[in-house]
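Following: one structure in structure tokens, then a few remarks.
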Amino acid sequence: MTSTPPAAGQPGPFGWIAEQAAVRAAAGLRRELRPRAAEPGLLDLAGNDYLGLSRHPEVTAAGARACVTWGAGATGSRLVTGSTALHAELEAELAAFTGFEAALVLASGYAANLAAVTALTAAGGLIVSDAANHASLIDGCRLSRAATEVVPHADPAAVGKALGRHAGPAAVVSDTVFSVDGDAAPLAALAAAAREHGAALLLDDAHGLGVLGPGGRGAAHAAGLAGAPDVVCTATLSKALGAQGGVVLGPAGVIGHLVNTARTFIFDTGLAPAAAGAALAALRLLRREPGRAGRALGAARDFHRRFTAAGLDATAPDACVVSVRAPSPAAAVEWAAACRAAGLAVGCFRPPSVPDGVSRLRVTANAALTPAEIAAAAGTVVATAPAGAFRG
């Protein structure tokens, strides 16, 4: 039996892709890859290197040593050949640093969130999810066999009401610091609502680890929740620690359960040794230099002060993310491009990354910025802003 492909000019089975691309382009929502150079010529306020560690000599040297010692890749899943003594050392130190009983390292923060949400919920259960949660938490909810109820952003009362309508196992799922606006979740109130109804609390501390809490031990530690038997926390190793990978932190029994049931742990290749070695070196450096967290937070507050003083609509940062509203998706793209042309890289967030439909520039502060760089960068954002970005 023979077959022939569709004739030239015929849409074929993927014709709908061109139609969707045209819709995105018309709405100013087209995305494209932009490879960066090894030696960036821009001041980078778009990446998440909050502590300035991704290029620190100790961190890069440790990654290189791990690569030479253990090989370029993990060679298999963690349960086959992908676990090394380096992975175990990293897990032990992450747990001790953050105040949790145990830790499990995965290949990415995304994989860590999928693992925690899907393996710790089940059919007949309920997940109560914040409306502004990261896409990885949302996808975990979608893959879970539990029912999901999305509640208004940062609303513990709504969480309590949702839990009160459900009889059975439940989990409250929330970012600790939300990645778009940079605001912090009301963790104490969320924990109270969860505990009133016997629910677990699952927190994604991707933007809190290394920045919040004493010495950067994270938002859960700062809220007095680290090590609690009803709290599980995930984080990424690719932001404040400047490396790659993800981690789930929690009671030892929970971590053991994930080893046996979490599909993104069992069936994914383990984290590359170079990333594990770099993350471990970054963690140790942070323990020696806890002041890095405070410098990063101070830079974020300085950006916010300068933006609002100039009349821009900027969200007060609870960590290192400063969100500046743009009048439209197209204006946000043009604004970010103007900043880039002036030597400054900033994030550009548009739907569907922004669920409320408000496009933004996202400026991420880091501990390595000098006062002169902060002033110059803020001046560039203000000078290139479209007229509609200013209040009033």
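The values are calculated or read from the model by the stated rules, or taken from the named source; none is laboratory data. Everything quoted here is computed from the prediction, not taken from an experiment. Backbone-built Cβ (ideal geometry, glycine too); neighbour counts: all protein chains shown. Only protein heavy atoms, including side chains, enter the accessible area calculation; ligands, DNA and RNA are left aside. Shrake-Rupley method; radii C 1.70, N 1.55, O 1.52, S 1.80 Å.
Tell me, please, whether a residue that is of a type in the set (Phe, Trp, Tyr), open to solvent by 20 Å² or more (accessible area, probe 1.4 Å) and at pLDDT 95 or above can be found in region 257-270.
Looking through region 257-270, at least one residue is of a type in the set (Phe, Trp, Tyr), open to solvent by 20 Å² or more (accessible area, probe 1.4 Å) and at pLDDT 95 or above.
Summed over region 168-202, the residues that are touching a helix residue (DSSP H, G or I) at 6+ places or on another chain (Cβ under 9 Å), surrounded by fewer than 20 Cβ atoms within 10 Å (Cβ to Cβ) and over 26 Å from Tyr50 (Cα atoms) give a count of 5. Can you name the residue in region 338-375 that is more than 24 Å from His56 (Cβ to Cβ) and basic (Lys, Arg) and, of all such residues, is surrounded by the fewest Cβ atoms within 10 Å (Cβ to Cβ)? Once the filter is applied, the top-ranked residue is Arg340. Only a single criterion out of (1) within 22 Å of the chain's Cα centre (by Cα); (2) open to solvent by less than 80 Å² (accessible area, probe 1.4 Å); (3) not small (Gly, Ala, Ser) is not satisfied by Pro40, namely (1).
Give the residues of region 240-274 that are within 21 Å of Gly71 (Cα to Cα), part of a helix (DSSP H, G or I) and touching a strand residue (DSSP E or B) at 6+ places or on another chain (Cβ under 9 Å), sorted by residue number. Show your work before the answer.
First pass over region 240-274, keeping only residues within 21 Å of Gly71 (Cα to Cα): 242-246, 265-274.
Checking the rest, the ones that are also part of a helix (DSSP H, G or I) come to 265-266, 273-274.
Within region 240-274, Phe265, Ile266 meet the criteria.
Assessment of region 218-230 against the conditions (open to solvent by less than 40 Å² (accessible area, probe 1.4 Å), modelled with pLDDT of 95 or more and touching a Cys at 6+ places or on another chain (Cβ under 6 Å)) yields at least one matching residue.
How many residues, within region 281-325, are part of a helix (DSSP H, G or I), of a type in the set (A, V, I, L, M, F, W, C) and in contact with a strand residue (DSSP E or B) (Cβ under 6 Å, 6 or more places away or on another chain)?
Total satisfying the criteria: 3.
Scanning region 3-28 for residues that are out of contact with any Ser or Thr (no Cβ under 9 Å at 6 or more places or on another chain), open to solvent by less than 100 Å² (accessible area, probe 1.4 Å) and either within 16 Å of Ala336 (Cα to Cα) or modelled with pLDDT under 80 (or both) turns up Pro6, Ala7, Gly9, Pro11, Ala27. Going by the conditions given, is Gly63 over 30 Å from Leu297 (Cα atoms) and either out of contact with any Cys (no Cβ under 6 Å at 6 or more places or on another chain) or not hydrophobic (A, V, I, L, M, F, W, C) (or both)? Here the answer is no, as Gly63 does not meet what is asked. When the residues of region 113-163 are filtered to those that are touching a residue at least 40 places away in the same chain (Cβ under 8 Å), aliphatic (A, V, I, L, M) and open to solvent by less than 10 Å² (accessible area, probe 1.4 Å), the one that is nearest to Leu187 (Cα to Cα) is Val128. Residue under question is Ser179, and the condition is that it be of a type in the set (Ser, Thr, Tyr), within 25 Å of Val321 (Cα to Cα) and at pLDDT 95 or above; does it hold? For Ser179, the condition - of a type in the set (Ser, Thr, Tyr), within 25 Å of Val321 (Cα to Cα) and at pLDDT 95 or above - is not met.
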